[in-house]
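The values are calculated or read from the model by the stated rules, or taken from the named source; none is laboratory data. Predicted model only: the values in this text are computed from it and were never measured. With ideal geometry, Cβ positions are generated from the backbone for all residues, glycine too; neighbour counts draw on all protein chains shown. Just so you know, the surface numbers come from the protein's heavy atoms only, side chains and all, with ligands and any DNA or RNA stripped out. Shrake-Rupley method; radii C 1.70, N 1.55, O 1.52, S 1.80 Å.
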Amino acid sequence: MVSIIFPLFFPGGESLPSITAPPIQLHSSVTPVEPVQLQSPVTPVDTNASFAEVSDIDVNLSDIDVNLSVLLSAGTTGVESDRQKAAKNDDAPVPTVLWDKQLWIHTNFDDNTWKKAVEFQTALGKSPLDVLRDELFLPLWRKSVWRSWSYYYKGQLLNRHYTELNRDADCEGARECLHYNAHCTWWEWHGGSKLFFWRWPEAFRIMARDGMPTWVKGELPKYRVPQHKEKDPEAIKMVAAKLNNVYGKGYVGKGRVESLTYHFHVKKGESDIRMVYDGTKCGLNGVLWVPSFSLPDVDDLLAMIDEHSWMADIDIGEMFLNFPLDKMLQPYCGVDFSPYLPDLISWLRWLRCAMGLKPSPYVAIRFLLLGSEIIRGLPSDKNNALRYDKIRLNLPGMVSYDPRLPWVSKIITATRQIASDYVVYVDDLRPVGNSESACNLCARRISCMLNYA
């Protein structure tokens, strides 16, 4: 989401982490799932070693090279307990040690490498892997994003149907993308994120830049009641931090405001909150229409697994906020942040799909499913982690029916095993593979492709 395979991996943030980019969590296990959390914009390269060999709870550090022991134990404090939490704070640190472990056990490294790495880490107080990521691979990735835009723009200038209006909109959109690109780290999009619209198929490029059109079935509201302020000082502090976050990332901005929306918070986890930007109280949601759509359930997942399957979990951070809000609708999605951010004397308006606006789930999931069509790629491509070459029917009543197997499954003929696949449930994706390495490759492809666009 475009990668360099060293034993280091090129940023999936080109994810997605995230997908943003947003933080991406990876879990790996045999049924029942034993979660192993990783976060992204990138995903780890495949290695020949089992994750169990490098897990902070399974490795006996006394039985391995002393320098490798130091490298594998660094930064593990609190990682296991954090992995068990169902709802994590938005500002939870990325457990980068989980990637580093898989890299240190790579066959390209030996005891001499581990010794030099420990000496380097002791002298500088920073892992050599972090130096390579920050000083070499991150600048290379940023340059690749700029080059992809430059190539697209120069090609469009040769198109006689490329109007001045489209050119200006493209340049403004690219300016925002490159701004976010310049302020991200290897692991997270600290400054926010925006779809790299020029990388989308031509049919969806304008939607990726300007948002999906919204259906309106009535008169749009003129709600101008100012936002009230919480009374609890601690709540005020937490709400202000959340609002300042979306304002600082450019998810809200200045412009004509015809109507305001209301916002409130709900508890998330043990010590965090989730903001809800209510489009119902002001009457906006009541005059909007969106198509209904289905979501997968556990049966869809069970059709992809057997007793050999490994599962992973990818969580897309800031799910709705990754996608642009229809420009026609923006004036009616105003927000009053002044009670919490007193320096803002004017009303702002949403530029992204916020949680609580009626079109947001449909828009976000449609964009994600469009992306899934690209992620899945060609089933016949031997380099595709999601490849398959046969559909196996195992239906009740068939002579060959086996109740242990799914009724319908994608098969790789050479191995006679179920092919890697995944299901999408809003911001949660569940990759599945017939081995740990297959599951890793599947999750890596998904994360990289999501962040690429």
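Residue by residue, here is whether (1) assigned to a helix (DSSP H, G or I); (2) open to solvent by 50 Å² or more (accessible area, probe 1.4 Å); (3) in contact with a Phe, Trp or Tyr (Cβ under 8 Å, 6 or more places away or on another chain) holds:
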site: LYS116; (1), (2), (3): yes, yes, no
site: ASP134; (1), (2), (3): yes, yes, yes
site: TYR153; (1), (2), (3): yes, yes, yes
site: ARG160; (1), (2), (3): no, yes, no
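Hey, among VAL287, VAL298, which residue is open to solvent by 20 Å² or more (accessible area, probe 1.4 Å) and either touching a strand residue (DSSP E or B) at 6+ places or on another chain (Cβ under 8 Å) or within 18 Å of LEU321 (Cβ to Cβ) (or both)?
None of the other options fit; the residue is VAL287.
Before we move on, is LEU178 under 21 Å from MET207 (Cβ atoms) and either out of contact with any Gly (no Cβ under 7 Å at 6 or more places or on another chain) or β-branched (Val, Ile, Thr) (or both)?
yes
Within segment 92-114, track down each residue that is within 29 Å of the chain's Cα centre (by Cα), among the hydrophobic types (A, V, I, L, M, F, W, C) and part of a helix (DSSP H, G or I).
VAL97, LEU98, TRP99, LEU103, TRP104
Looking only at segment 269-284, which residues are open to solvent by 30 Å² or more (accessible area, probe 1.4 Å), modelled with pLDDT under 90 and more than 19 Å from the chain's Cα centre (by Cα)?
GLY269, GLU270, SER271
Report the residue count in segment 309-331 for those that are more than 17 Å from PRO359 (Cβ to Cβ) and among the hydrophobic types (A, V, I, L, M, F, W, C).
5
Quick check on this structure: which one of SER292, SER372 is over 20 Å from the mean Cα position of the chain (by Cα) and among the small types (Gly, Ala, Ser)?
Just a single option satisfies the conditions, and that option is SER292.
So, of the residues in segment 433-447 that are under 20 Å from TRP187 (Cβ atoms) and touching a helix residue (DSSP H, G or I) at 6+ places or on another chain (Cβ under 9 Å), which turns out to be most open to solvent (accessible area, probe 1.4 Å)?
ARG445
Just for segment 88-106: of the residues that are polar (S, T, N, Q) and open to solvent by 20 Å² or more (accessible area, probe 1.4 Å), which one is modelled with the highest pLDDT?
Taking the candidates together, the pick is THR96.
Taking into account only those residues within segment 179-210 that are aliphatic (A, V, I, L, M) and within 26 Å of ARG366 (Cβ to Cβ), which is farthest from the chain's Cα centre (by Cα)?
ALA203
Filter segment 413-432 down to the residues that are more than 19 Å from TRP99 (Cα to Cα), open to solvent by less than 30 Å² (accessible area, probe 1.4 Å) and assigned to a strand (DSSP E or B) and list them by number.
Answer for segment 413-432, where residues must be more than 19 Å from TRP99 (Cα to Cα), open to solvent by less than 30 Å² (accessible area, probe 1.4 Å) and assigned to a strand (DSSP E or B): ILE418, ASP421, TYR422, VAL423, VAL424, LEU429, VAL432.
Among the residues that make up segment 373-396, is at least one of them farther than 30 Å from ALA203 by Cβ and of a type in the set (D, E, K, R)?
Scanning segment 373-396, I find at least one residue that is farther than 30 Å from ALA203 by Cβ and of a type in the set (D, E, K, R), so the answer is yes.
Test ALA385 against the stated conditions and say whether it is closer than 14 Å to PHE320 by Cα and either open to solvent by less than 80 Å² (accessible area, probe 1.4 Å) or in contact with a helix residue (DSSP H, G or I) (Cβ under 9 Å, 6 or more places away or on another chain) (or both).
No.
Among the residues of segment 250-271, write down those that are farther than 13 Å from TYR223 by Cα and assigned to a loop (DSSP other than H, G, I, E, B).
GLY250, TYR251, LYS254, GLY255, ARG256, GLY269, GLU270, SER271
What are the residues in segment 324-361 that are open to solvent by 20 Å² or more (accessible area, probe 1.4 Å), in a helix (DSSP H, G or I) and either farther than 24 Å from PHE196 by Cβ or charged (D, E, K, R) (or both), if any?
Within segment 324-361, just TYR332 meets the criteria.
Check segment 314-323 and report whether any residue there is in a loop (DSSP other than H, G, I, E, B), out of contact with any Gly (no Cβ under 7 Å at 6 or more places or on another chain), on the phi > 0 side of the Ramachandran plot and open to solvent by 30 Å² or more (accessible area, probe 1.4 Å).
Looking for residues that are in a loop (DSSP other than H, G, I, E, B), out of contact with any Gly (no Cβ under 7 Å at 6 or more places or on another chain), on the phi > 0 side of the Ramachandran plot and open to solvent by 30 Å² or more (accessible area, probe 1.4 Å), one finds at least one in segment 314-323, hence yes.
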